[in-house]
1. Restricting attention to the range 228-252, and to residues there that are away from ligand 2 (no atom under 16 Å from the Cβ) and within 15 Å of the chain's Cα centre (by Cα), which single residue is nearest to LEU89 (Cα to Cα)?
2. Filter the range 122-144 down to the residues that are crowded, with 19+ Cβ neighbours inside 10 Å and in a helix (DSSP H, G or I) and list them by number.
3. Based on this model, can you work out whether LYS165 counts as in contact with a strand residue (DSSP E or B) (Cβ under 9 Å, 6 or more places away or on another chain), basic (Lys, Arg) and either open to solvent by 20 Å² or more (accessible area, probe 1.4 Å) or within 30 Å of ALA220 (Cα to Cα) (or both)?
4. In the range 143-164, how many are under 13 Å from the mean Cα position of the chain (by Cα), near ligand 2 (Cβ under 9 Å from one of its atoms) and of a type outside the set (Gly, Ala, Ser)?
5. Kindly indicate whether SER147 is within 10 Å of ligand 1 (Cβ to nearest atom), buried (at least 16 other Cβ atoms within 10 Å of the Cβ) and modelled with pLDDT of 95 or more.
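The values are calculated or read from the model by the stated rules, or taken from the named source; none is laboratory data. Computed from a prediction, not measured in an experiment: that's the story for all the values here. Heads up, the Cβs are rebuilt from the backbone with ideal geometry, glycines too, and the neighbour counts pull from every protein chain shown. Just the protein is used for accessible areas: all its heavy atoms, side chains included, with ligands, DNA and RNA removed. Shrake-Rupley method; radii C 1.70, N 1.55, O 1.52, S 1.80 Å.
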Amino acid sequence: MVDFSLKGKTALVTGASYGIGFALAKAFAGAGATIVFNDIKQELVDKGLAAYEEAGIKAHGFVCDVTNEEQVNALVEDVTQSIGHINILVNNAGIIKRIPMCEMTAEQFRQVIDIDLNGPFIVAKAVIPDMIRQGGGKIINICSMMSELGRETVSAYAAAKGGLKMLTKNIASEYGQYNIQCNGIGPGYIATPQTAPLREIQPDGSRHPFDQFILAKTPASRWGEAEDLAGPAVFLASPASDFVNGHILYVDGGILAYIGKQP
Ligand code: NAP
Ligand code: GCO
């Protein structure tokens, strides 16, 4: 019998008050996991707790900035002492800045790298030692189409997500011997607050040009929903994927396989 259960496991999903992280955490709870999440503002943690409660999930929320190593180490210690050993980590927290590279300041570039790449390093480094003591664990890094492709205005984001792909492979390489599996999920274009600007209805009532572009680039001819990522994430968090390591699972409706619909 293939084991997709997360019963008895504790999952930390970063940046999971809403969006993709929230959808993954809900799916993990449905598979039996205890949910722990963080956000950088108490008001968003509270909003997230209310949303989990509305979904019938007793989640545990903490204020923690994934770029702050002291806060992350304190979070992991607190969770381990008061809730349980972290068996599953999803490095989901992330930002994007859409600015032409030559107009982007070094500080803006650094901020994206800090949250989208340094953050996953800091959090993974904080949870791995106890995973080793517990005999293993699961780490899932949320990568992107931009782990493989570039486009105008997202240089920092693509650099971060490309780096996150290789950090995923390196964690798999370095800690696979301790029964830790580290894989990535590469979502396609998903309808969340992060991509809302790309889907805004135009003043004349037409779809945003980028919205139309993505529909033409996606064989499924639709944007993904955060829930489309839930099954792949439960698979990578469960014993069913114990021999999958260093893999980036693209959940993109076929974008990476497709040249695009002829205009
Ligand atoms: P989102 O709606 O913008 O949510 C991002 C979450 O991360 C928010 O809860 C945000 O909290 C949190 N966050 C930001 N900086 C943080 C920090 N320093 N410490 C802790 N939490 C922080 O994004 P999303 O669309 O759900 O995306 C989630 C992940 O999937 C990101 O890594 C993103 O790059 C990736 N992704 C998204 C898509 C897509 O099409 N949407 C596709 C591929 C990959 P605040 O609200 O407080 O800022
Ligand atoms: C963008 C989008 C993308 C998505 C996602 C695609 O501006 O191109 O925000 O980067 O967020 O990363 O996989």
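1. The initial filter retains those residues of the range 228-252 that are away from ligand 2 (no atom under 16 Å from the Cβ), namely 230-231, 234-247.
If we keep only those that are within 15 Å of the chain's Cα centre (by Cα) too, we end up with 230-231, 234-237, 247.
Numbers: ALA230: 14, GLY231: 16, VAL234: 12, PHE235: 14, LEU236: 11, ALA237: 9, HIS247: 16 Å.
This residue is ALA237.
2. Here is the first cut: in the range 122-144, the residues crowded, with 19+ Cβ neighbours inside 10 Å are 122-124, 126-128, 131, 137-144.
Selection gives ILE122, VAL123, ALA124, ALA126, VAL127, ILE128, MET131.
3. Working: in contact with a strand residue (DSSP E or B) (Cβ under 9 Å, 6 or more places away or on another chain): yes; basic (Lys, Arg): yes; either open to solvent by 20 Å² or more (accessible area, probe 1.4 Å) or within 30 Å of ALA220 (Cα to Cα) (or both): yes.
It is true that LYS165 is in contact with a strand residue (DSSP E or B) (Cβ under 9 Å, 6 or more places away or on another chain), basic (Lys, Arg) and either open to solvent by 20 Å² or more (accessible area, probe 1.4 Å) or within 30 Å of ALA220 (Cα to Cα) (or both).
4. Of the residues in that region, 3 qualify.
5. Working: within 10 Å of ligand 1 (Cβ to nearest atom): yes; buried (at least 16 other Cβ atoms within 10 Å of the Cβ): yes; modelled with pLDDT of 95 or more: yes.
So SER147 fits the description; yes.
Each row is one residue, and each column tells you yes or no for (1) within 13 Å of ligand 1 (Cβ to nearest atom); (2) over 30 Å from ALA33 (Cα atoms); (3) of a type in the set (A, V, I, L, M, F, W, C); (4) touching a residue at least 40 places away in the same chain (Cβ under 8 Å).
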| position | (1), (2), (3), (4) |
| --- | --- |
| HIS85 | no, no, no, yes |
| GLY94 | yes, no, no, yes |
| MET101 | no, yes, yes, yes |
| ALA106 | no, yes, yes, no |
| ALA124 | no, no, yes, yes |
